[in-house]
Amino acid sequence: MTALLYPLAFLLVLSLVVVVHEYGHFIAARLCGVDVTEFSMGFGRVLFSRKDKRGTEWKVCLIPLGGYCKMLGDADAASAKKDEAVEELTEEEKKRAFPLQPLWKKAIISVAGPAMNYVFAIVLLTGLFRVYGETVVPPVVSDVAPESAAAVAGIEKNDRFLTINGKKINEFSDIQHAVLVDDVLNIVVLRDGREVPLTARLKRVNGVAVLGVSAVMTREHYRSVGLAESFVLAVKDSWQLTVDTTVVLKRILLRQRSADDLRGPLGIAEASGDAARSGLIGFLSFIIQVSIGIGFMNLLPVPVLDGGHLLIYAIEFIIRRPIGDKAETVALYIGLVVLLTLLIVSSWNDIVRIFVRLKN
């Protein structure tokens with residue numbers, strides 16, 4: 001049963017998040033008057049399909065790895081190039097073909113996918129906060145793991161974190177954010193009424209770093225919140241996760257940090273199974289993280305991704321003309337090379353991490 005849990009959890013997470021993403025494109029296309037010819041859940045052989053009144057073919061396919069939304073005039077599901085036959089459409093059909101839309105409509109449709117991922121994550125987070133409340137744990141150390149980075153740095157039981165790398169620490173989760181983005185932590189703790197400066201140097205093993213401090217959560221650390229406040233907290237958490245991801249990615253690109261943090265399909269499958277085993281809250285929290293991650297990554301200015309489309313539209317707006325088929329093809333190949341390189345690096349990280357895990 002456990003062996004089946006990992007692939008099933010992975011398929012559920014990936015399919016749900018990708019279908020949400022594509023549905024964002026679908027809704028925006030419909031609102032902008034663009035025809036959607038296909039909306040597919042999965043790839044490969046069609047298991048079930050039907051056409052709605054507006055001509056969209058809804059499909060469920062054999063391979064349940066995500067899905068796609070194809071619009072009238074697209075040569076492929078990624079909207080990377082226009083169909084050569086688009087010029088053969090009637091004048092009425094051309095008004096509803098994606099490649100022939102004004103740039104502002106194309107931009108809205110492109111950004112709608114990542115935006116829907118964020119909306120989905122915020123809705124789920126709002127629900128979690130409303131049902132389970134907010135957890136606010138003071139940044140006071142209840143225990144220090146032996147031989148950990150915290151122990152080596154001189155952190156002691158009952159120390160209260162004041163700042164890390166100049167940033168104020170208000171609650172224990174702020175410490176977790178710092179560990180996520182930095183390898184060297186310049187810490188100031190309050191100990192017996194005086195401020196003590198310390199430095200902790202983290203070691204990342206397969207992208208994971210542990211400071212080695214823990215806190216005791218009591219019932220007093222939970223508080224009930226209303227719907228409006230739950231929404232505000234959800235937006236703040238989504239923004240913080242985006243900021244943390246941006247910082248980590250920036251440091252990887254500047255070679256200030258190892259690329260071991262990057263996870264590929266195997267890594268996401270591993271994390272999906274672990275999250276499913278942790279219970280409903282842990283699994284929903286993981287879905288939220290993946291949804292924000294998918295939304296964020298698709299906004300990067302890489303050709304093939306939505307952010308790449310937005311970059312091309314911006315260039316075309318500036319030069320007041322299409323970039324041309326040759327430039328479009330070159331950009332497409334560049335994007336594919338970037339994504340393939342990312343896939344190879346992240347997949348290698350996954351294999352190493354899983355091998356070490358199985359060995360231990």
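Pairs only if they're at least six apart or on different chains, beta carbon under 6 angstrom, first in the range 11-29 and over 27 Å from Pro99 (Cα atoms), second assigned to a helix (DSSP H, G or I) and of a type in the set (S, T, N, Q); list them, first residue then second.
Within 6 Å, the pairs are Val13/Ser272.
From the list Arg357, Arg277, which one is closer than 28 Å to Val20 by Cβ and loosely packed, with under 15 Cβ neighbours inside 10 Å?
Arg277
Six or more apart or on different chains, Cβ atoms under 9 Å: show the pairs whose first residue is in the range 66-85 and within 23 Å of Val290 (Cβ to Cβ) and at pLDDT below 70 and whose second is part of a loop (DSSP other than H, G, I, E, B) and among the aliphatic types (A, V, I, L, M).
Going by the 9 Å Cβ cut-off, the qualifying pairs are Ala78/Val304; Ala78/Leu305.
On the given criteria, is Thr90 surrounded by fewer than 14 Cβ atoms within 10 Å (Cβ to Cβ) and either touching a Lys or Arg at 6+ places or on another chain (Cβ under 6 Å) or within 30 Å of Arg191 (Cα to Cα) (or both)?
For Thr90, the condition - surrounded by fewer than 14 Cβ atoms within 10 Å (Cβ to Cβ) and either touching a Lys or Arg at 6+ places or on another chain (Cβ under 6 Å) or within 30 Å of Arg191 (Cα to Cα) (or both) - is not met.
Go through (1) more than 22 Å from Asp306 (Cα to Cα); (2) crowded, with 19+ Cβ neighbours inside 10 Å one by one and return the number of the condition Lys51 breaks.
If we test Lys51 against (1) more than 22 Å from Asp306 (Cα to Cα); (2) crowded, with 19+ Cβ neighbours inside 10 Å, just (2) comes out false.
What do you reckon, is Ala28 at pLDDT 90 or above and more than 15 Å from Pro265 (Cβ to Cβ)?
Yes; evaluated as a whole, the condition is true for this residue.
Any idea how many residues of the range 30-53 are within 22 Å of Pro102 (Cα to Cα) and in contact with a Cys (Cβ under 8 Å, 6 or more places away or on another chain)?
Number of matching residues: 2.
Of everything in the range 184-209, what is under 30 Å from Ile354 (Cα atoms) and either in a strand (DSSP E or B) or within 22 Å of the chain's Cα centre (by Cα) (or both)? Give them in sequence order.
Answer for the range 184-209, where residues must be under 30 Å from Ile354 (Cα atoms) and either in a strand (DSSP E or B) or within 22 Å of the chain's Cα centre (by Cα) (or both): Val184, Leu185, Ala200, Arg201, Arg204, Val205, Asn206, Gly207, Val208, Ala209.
Does the range 215-229 include one or more residues that are buried (at least 19 other Cβ atoms within 10 Å of the Cβ) and assigned to a helix (DSSP H, G or I)?
Scanning the range 215-229, I find no residue that is buried (at least 19 other Cβ atoms within 10 Å of the Cβ) and assigned to a helix (DSSP H, G or I), so the answer is no.
Answer yes or no as to whether Ile109 is in contact (Cβ under 8 Å) with a residue 12 or more places away in the chain, crowded, with 20+ Cβ neighbours inside 10 Å, among the aliphatic types (A, V, I, L, M) and farther than 30 Å from Gly282 by Cβ.
Spelling it out, Ile109 is indeed in contact (Cβ under 8 Å) with a residue 12 or more places away in the chain, crowded, with 20+ Cβ neighbours inside 10 Å, among the aliphatic types (A, V, I, L, M) and farther than 30 Å from Gly282 by Cβ.
If a residue must be aromatic (Phe, Trp, Tyr) and modelled with pLDDT under 90, how many such residues does the range 1-25 contain?
Going through the range 1-25 one residue at a time, the tally reaches 2.
Would you kindly identify the helices (runs of 4 or more DSSP H) lying entirely within the range 242-360 that contain at least 2 residues that are in contact (Cβ under 8 Å) with a residue 12 or more places away in the chain and under 30 Å from Arg201 (Cβ atoms)?
In the range 242-360, 265-278, 280-298, 325-359 are the helices (runs of 4 or more DSSP H) which contain 2 or more residues that are in contact (Cβ under 8 Å) with a residue 12 or more places away in the chain and under 30 Å from Arg201 (Cβ atoms).
Which residue, of Leu16, Leu12, is over 15 Å from the mean Cα position of the chain (by Cα), outside any strand (DSSP E or B) and more than 14 Å from Ala112 (Cβ to Cβ)?
Answer to the check: Leu12.
Collect the residues in the range 244-287 that are closer than 22 Å to Pro7 by Cα and of a type in the set (A, V, I, L, M), keeping them in residue-number order.
Leu262, Leu266, Ile268, Ala269, Ala271, Ala275, Ala276, Leu280, Ile281, Leu284, Ile287 - these are the residues of the range 244-287 that are closer than 22 Å to Pro7 by Cα and of a type in the set (A, V, I, L, M).
Just checking, how many residues over the range 246-284 are closer than 17 Å to Ile344 by Cα, within 14 Å of the chain's Cα centre (by Cα) and not hydrophobic (A, V, I, L, M, F, W, C)?
5
Counting only residues that are surrounded by fewer than 18 Cβ atoms within 10 Å (Cβ to Cβ) and modelled with pLDDT under 85, how many does the range 292-329 have?
Total meeting the criteria: 8.
Tally the residues that are assigned to a loop (DSSP other than H, G, I, E, B), surrounded by 14 or more Cβ atoms within 10 Å (Cβ to Cβ) and at pLDDT 90 or above, restricting the search to the range 157-183.
The total comes to 2.
Can you name the residue in the range 131-153 that is under 26 Å from Ser258 (Cβ atoms) and of a type in the set (Gly, Ala, Ser) and, of all such residues, is surrounded by the fewest Cβ atoms within 10 Å (Cβ to Cβ)?
Only one residue fits best here, namely Ala145.
What residue, of Arg251, Arg263, Arg255, Arg321, is of a type in the set (Lys, Arg) and on the phi > 0 side of the Ramachandran plot?
Exactly one of Arg251, Arg263, Arg255, Arg321 is of a type in the set (Lys, Arg) and on the phi > 0 side of the Ramachandran plot, namely Arg255.
The values are calculated or read from the model by the stated rules, or taken from the named source; none is laboratory data. Everything numeric here is computed off the predicted structure, so don't read it as measured data. Here Cβ is always computed from backbone atoms with ideal geometry, including for glycine, and neighbour counts include all displayed protein chains.
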